[in-house]
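The values are calculated or read from the model by the stated rules, or taken from the named source; none is laboratory data. Predicted model only: the values in this text are computed from it and were never measured. Neighbour counts are summed over all protein chains in view; Cβ atoms, including those assigned to glycine, are modelled from backbone coordinates with ideal geometry.
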Amino acid sequence: MTRSVAARGGPLLGRGLLTLANVITVAAPVAADWNDSHIFNSRWPGHARFHGVTALAMATTLSSLNIWSLWSGGGDQITARFFAAAVPVAYWAPFFLAPLVPGTAVDDPPHPVQRVAGVPVSLLGAAATTATAARPGSPAPAASSSGLLYLAHSAGRSTLRTSWMTSTGASA
């Protein structure tokens, strides 16, 4: 049986991948939006710019806290890894829902988004970052797994087991 990359690389690799996903969640939107195509676009109403700034500030704040919690060594590391995976997924996954809403567009003329094989690079980046943060873990211990799906599964299983033990009076 093959082990996942995180299982082979241990906690350091898992934290490194989550750190990368959080750094991208800050750097890419700031690079893409803190310019005349978005925040300083004279065609945008002031309130749209307000929401652009608050979205960037929220992503920056949450990702920075995630990176700190991953590397500070204190607290519950499983919870730290869960949120470090959840924030990039919460930020990037909606990139795939937004085009489904009538009237939305990936491009903002006169600022077209570059494409690779016809796919907007913003969606390619969103897919890569989401996959990095949400990749399913292996049956390895939670301390060496970092994917959101594995951690959510592990947390759910733990919660169910704890609830069952409490309701039945079973001991660990």
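General remarks:
- Given (1) farther than 14 Å from Ala21 by Cβ; (2) among the small types (Gly, Ala, Ser); (3) at pLDDT 90 or above, index of the condition Gly125 fails: (1)
Quick grid of which residues meet (1) outside any helix (DSSP H, G or I); (2) modelled with pLDDT of 95 or more; (3) touching a Gly at 6+ places or on another chain (Cβ under 6 Å):
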{"position": "Ala6", "(1), (2), (3)": "no, no, yes"}
{"position": "Leu18", "(1), (2), (3)": "no, no, no"}
{"position": "Ala27", "(1), (2), (3)": "no, yes, no"}
{"position": "Val30", "(1), (2), (3)": "no, yes, no"}
{"position": "Ile39", "(1), (2), (3)": "yes, no, yes"}
{"position": "His47", "(1), (2), (3)": "no, no, no"}
{"position": "Gly52", "(1), (2), (3)": "no, no, no"}
{"position": "Met58", "(1), (2), (3)": "no, no, no"}
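Results for (1) more than 13 Å from the chain's Cα centre (by Cα); (2) hydrophobic (A, V, I, L, M, F, W, C); (3) under 17 Å from Ala32 (Cβ atoms); (4) exposed (fewer than 10 other Cβ atoms within 10 Å of the Cβ), shown as yes or no for each residue.
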residue	(1), (2), (3), (4)
Gly52	yes, no, yes, no
Ala55	yes, yes, yes, no
Trp71	yes, yes, no, no
Gln77	yes, no, no, no
Ala90	no, yes, no, no
Phe96	yes, yes, yes, no
Pro109	yes, no, yes, yes
Gly118	yes, no, no, yes
